[in-house]
Amino acid sequence: MSITVATVADALIEFILSLLRDPEAVEEFEADPAAALGSRGLSQVRAEDVCAVAPVIAERPAVVVAADPNPDPPSPSVNPVVREIQNIVNNLTIDDRDTIVDQSVNQNIWAAGDVTQTFDNEAVVGSGDGSIAAGDDVDIDQTEDNSTNVNAGENVNVGNDTTTTVTAGSNNQQTDTSTTTDSSTATTTTGSGNDSSTTTTAESSYNDSATTYQETAVDTESTTVYESTDTVIDETGSDDF
């Protein structure tokens, strides 16, 4: 009896989906992979077959990426088929939460004549994450404001790291590199070189003047004539008249 390719693929898909649904089936597979595959008629599958059906499994409506992958996954098998199946089981899961609403009526009626029965059943169902059930139209505002308003009289630091550095002294250094050369000449003078003094002793005034009067008498006119002579005395010893 031969197994067609389509049948092998379908059997492999259902086997992997069973592992996603049942944690106990996963434990059995990890304990004895060959026995688990053989019981499903998958002893001859190859790693390429598992890789081929992986996208088909991931696109199933109930299959989602695991929110919390197995934090302690089993060690990868040396068997490439088992390793590829482990990779799928560790990263995908099934979120199958179907809601079934059954409004059927099961009853037995016995009547001698015609029977008219009216059913008016209504069901408002909210199913799934974030679903809302209502009897009429619903308007939803899902606006989320995560802003923060801060009112302050002065500056405000929000979530900022502030570093304050205090310096005790100035970091500026002043260095005097100027050079002073003394080219002056020291001179010692015992006496003033500009002194010039003359000592003059005058026994009498330079401006002394003497007047000599000579009187001549003339009898005829009875006139008195006075003749005067000014004499200048020069201290050098010569007289000029």
Report summary line: Here the gain from full extension of Gln174 to Asp102, 0.36 nm per residue of separation minus their alpha-carbon distance, amounts to 16.4 nm
Report task. Add +1 for every Lys or Arg and -1 for every Asp or Glu among the other residues with Cβ under 11 Å from the Cβ of Ala52, and state the total. Result -> -2
Query raised in the report: Taking 0.36 nm per intervening residue step and subtracting the Cα-Cα distance, what contour gain separates Asn87 from Thr143 on full extension?
Result: 16.3 nm
Report summary line: In region 1-127 the accessible area split gives carbon plus sulfur, as whole percent at 1.4 Å, a share of 50
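The values are calculated or read from the model by the stated rules, or taken from the named source; none is laboratory data. Worth saying up front: this structure is predicted, and the values here are computed from it rather than measured. Reconstructed Cβ throughout: ideal geometry from the backbone, glycine too, with neighbour counts over all protein chains shown. SASA here: full protein model, heavy atoms, side chains in, ligands and nucleic acids out. Shrake-Rupley method; radii C 1.70, N 1.55, O 1.52, S 1.80 Å.
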